[in-house]
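Please read the structure below before turning to the comments.
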């Protein structure tokens, strides 16, 4: 059995609104990453990004025995961050996920937005977040780079799996009280493998080509990714236990919001019928407000970071 | 991944009208097919059968052995069935079956069964359609199609480079795995000595690091080679051919049929 079973969500598992929403979010973030990467793109960078995408795809074939006949393999978001820096890593991981979906049906096409979000955005943001913090604390010593690699590998897998579980729960495919502990529990363990492999691989690269790894740490802090990373982790830490301690809570929300009825009702009835009466409910209103809040905060963070960076170059 | 097969590229070279069609036409058809599958109501069996009929006839037209295409999607679907299994026991509707296991009683419900089978069917149709597309379309053509559909140039260039070197690096990864097996025996069965989890992880980490390191060095050589051939930081690609009026009409026609199917299904299976 493959251990990354649900890290690549197939088509049919996500409701149409969920798929659409994550397509929009991922597309926006990738376009933003594209702008940032283009800005710092020297001409050597393109072949490197193409080759790294191919290498991470190939490295995912390197499996290792976990226990009782199951095996795990690398996902690679953290390694991509360590070797390429955050913005290029988003693009490289996005390319890997796109090829897996388009060519190998590893993850669906309508679900591609969600998969991109989990692996290319959340995975990368989490990794960068950890790598930055630990290297600040450890002053970019060797142990700090290794510890950062381990932490980044672990957290990227763990948080990405929680986000995937939430997406499944909101779509009504898997109840939150089953999906969250199951996905989170399994991936907390798989993440250890990812973390150790990331650290070992980073160690090899650090020994042979220290400048490649150190280059990424030398760069000035990327506040926006930092912020998004912190926000996401805090949100999940608060939200995940809440969702799983109220059995079927999320599913109930999804039903109230009309996610599950979209299939039964014509699309054009969705907005007048469901959004306004639903808001009357306190829990629902809180969550809707929460989602809107996160979107706004993220937008503001991204905009500020952009304003700041363009201001500096002018 | 495609489970250790030596032939990674799923494209199968045969002559058929489906192979010959423009990649953009096929991509649009796939997208329309998947969207209609996703938006169909749960339990709209007649509509599912219609979609399956369309898919199966395309599979037959493609001249690729039918069983091969079915097998490819079946391998992908099998583990996913387990994931949706709990849906069977979702409360709601009439109770169909009582199960007693380990002191816990599970009740299979009609609502659960409906949701379970609908999700499985939708997933099966989508995966099968995607399997067909990758068997009848070269990825190079998909790339041209994507750039014609507005996929960013830089991402397209990364994908093109990735595709070109993916198989070389995959073969390298496979050689590393073979070398590890040759030197260590088969690690970590229950009860076997050596090759525990930490050993495996350390060795695999070293392999991944080596693979990345070699790829970095290869990237430098690739850059030199590109430079020698006049690369100046700008990626130039041939412009994609304009779609003919006939092809555009085909896309619109497919979309209209799908829309009609959706509207009809919503009328019939409403509430």
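The values are calculated or read from the model by the stated rules, or taken from the named source; none is laboratory data. For clarity, every value in this text was computed on a predicted model and none was experimentally measured. Positions of Cβ are generated from backbone atoms using ideal geometry, with glycine treated the same way; all protein chains shown enter the neighbour counts.
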Do we find a residue being at the interface with chain B (Cβ under 7 Å from one of its Cβ atoms) and surrounded by fewer than 24 Cβ atoms within 10 Å (Cβ to Cβ) anywhere in segment A:76-90?
no
Of the residues B:18, B:64, B:32, only one is within 25 Å of residue B:143 (Cα to Cα), in contact with a helix residue (DSSP H, G or I) (Cβ under 8 Å, 6 or more places away or on another chain), at pLDDT 90 or above and not in a helix (DSSP H, G or I); which?
B:64
Can you confirm whether segment B:104-115 contains a residue that is facing chain A (nearest Cβ under 10 Å) and touching a helix residue (DSSP H, G or I) at 6+ places or on another chain (Cβ under 6 Å)?
yes
Where residue A:62 falls short, out of the listed (1) farther than 30 Å from residue A:171 by Cβ; (2) at the interface with chain B (Cβ under 8 Å from one of its Cβ atoms); (3) at pLDDT 90 or above
(3)
Within segment B:139-173, can you find the residues that are within 28 Å of residue B:78 (Cβ to Cβ) and more than 8 Å from chain A (Cβ to nearest Cβ)?
B:167, B:171
Exclusive hit being closer than 22 Å to residue A:169 by Cα, touching a helix residue (DSSP H, G or I) at 6+ places or on another chain (Cβ under 9 Å), in a helix (DSSP H, G or I) and within 14 Å of chain A (Cβ to nearest Cβ), set B:124, B:43
B:124
Could we say that residue B:176 is facing chain A (nearest Cβ under 8 Å) and over 21 Å from the mean Cα position of the chain (by Cα) here?
yes
Name the residues in segment B:85-96 that are modelled with pLDDT of 75 or more and surrounded by fewer than 19 Cβ atoms within 10 Å (Cβ to Cβ), would you?
B:85, B:86, B:89, B:94, B:95, B:96
Please indicate, with yes or no, whether at least one residue in segment B:227-239 is part of a helix (DSSP H, G or I), modelled with pLDDT of 90 or more and facing chain A (nearest Cβ under 9 Å).
yes
Are any of the residues in segment B:72-92 at positive phi and away from every other protein chain (no Cβ under 12 Å)?
no
What about residue A:53, is it within 8 Å of chain B (Cβ to nearest Cβ) and either assigned to a helix (DSSP H, G or I) or in contact with a helix residue (DSSP H, G or I) (Cβ under 6 Å, 6 or more places away or on another chain) (or both)?
yes
Can you tell me which of B:206, B:200 is under 21 Å from residue A:149 (Cβ atoms) and either in contact with a strand residue (DSSP E or B) (Cβ under 7 Å, 6 or more places away or on another chain) or touching a residue at least 40 places away in the same chain (Cβ under 8 Å) (or both)?
B:200
Take residue A:30 and decide whether it is assigned to a helix (DSSP H, G or I) and either more than 8 Å from chain B (Cβ to nearest Cβ) or touching a residue at least 12 places away in the same chain (Cβ under 8 Å) (or both).
yes
How many residues, within segment A:106-140, are within 8 Å of chain B (Cβ to nearest Cβ) and either surrounded by fewer than 24 Cβ atoms within 10 Å (Cβ to Cβ) or free of Cβ contacts under 8 Å to residues at least 40 places away in the same chain (or both)?
1
Can you confirm whether residue A:12 is in contact with a strand residue (DSSP E or B) (Cβ under 8 Å, 6 or more places away or on another chain), outside any helix (DSSP H, G or I) and buried (at least 24 other Cβ atoms within 10 Å of the Cβ)?
no
May I ask you to list the residues in segment A:33-50 that are at the interface with another protein chain (Cβ under 7 Å from one of its Cβ atoms), surrounded by fewer than 19 Cβ atoms within 10 Å (Cβ to Cβ) and more than 10 Å from residue A:88 (Cα to Cα)?
A:43, A:44
Look at residue A:57 and say whether it is closer than 21 Å to residue A:203 by Cβ and more than 15 Å from the chain's Cα centre (by Cα).
no
Quick check, is residue B:135 out of contact with any strand residue (DSSP E or B) (no Cβ under 8 Å at 6 or more places or on another chain), within 21 Å of residue B:67 (Cα to Cα) and in a helix (DSSP H, G or I)?
yes
Of the criteria (1) more than 30 Å from residue B:131 (Cα to Cα); (2) exposed (fewer than 14 other Cβ atoms within 10 Å of the Cβ); (3) modelled with pLDDT under 80, which one residue B:82 fails:
(1)
Going through B:43, B:67 one at a time, which residue ends up being closer than 18 Å to residue B:125 by Cα and exposed (fewer than 12 other Cβ atoms within 10 Å of the Cβ)?
B:67
